[in-house]
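Visitor: Below you will find the structure I want to go over with you.
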Ligand SMILES: [Zn+2]
């Protein structure tokens, strides 16, 4: 049975007041501007914004924005109110300052890491250059001394054979 049918029958349906109306002790009807954003089962949300901004300012702020943006606006107000209650000096600005400091620190860290990467890259290039030169020299030396080495080798083989075979 729908609520309209119940109303026609003269039976009052029990309307659950929103958290705002309950706190403000006013009648909450289907036109209540606060009801969609402050459900009765979340009283803390309205308590915070009421304490920090005041109920009439909250209503004004909600009325100022388009209906499609109201849910986001209320979320922001609730967040700001909680931050202000937690930190009476800086409120949500405290969090912004902290994050800005973190960004600054991370930027510095990134800068020094990039410098270190560049330094290591240069070291790697230098080492690669040295290895390339060593390889190059080896090739040259084996070409230059190749025949004499093989002669030496044959000589030593011959002397080994001589040693190995006593007279
Ligand atoms: Zn209400």
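Visitor: On the principal axes of its Cα set, how long, how wide and how thick is segment 3-86? Give whole Å, largest value first.
Guide: 49, 25, 18
Visitor: What is the fewest-to-most order of 32, 18 by other Cβ atoms lying within 10 Å of their Cβ?
Guide: The order, fewest Cβ neighbours first, is 32, 18.
Visitor: Something else about it: Along the Cα-to-C-beta direction of residue 60, a point sits 7 Å from the Cα; which residues of segment 66-100 have their amide N less than 17 Å from that point?
Guide: 66, 74, 77
Visitor: Now for a different question. Could you check the simple spin-label distance between residue 23 and residue 93, using points 7 Å along Cα→Cβ, in nm with one decimal?
Guide: 2.4 nm
Visitor: Sort 93, 113 so that the residue with the fewest other Cβ atoms within 10 Å of its own Cβ comes first and the one with the most comes last.
Guide: 113, 93
Visitor: Given a Förster distance of 22 angstrom, what is the FRET efficiency for residue 42 paired with residue 73, based on the Cβ-Cβ distance and rounded to 0.05?
Guide: 0.85
Throughout, read-outs are computed from the coordinates displayed, never taken from laboratory work. Treat the numbers as computed from the prediction; the structure is a model and nothing was measured. Glycine gets a Cβ as well: all are built from the backbone with ideal geometry, and neighbour counts include every protein chain shown.
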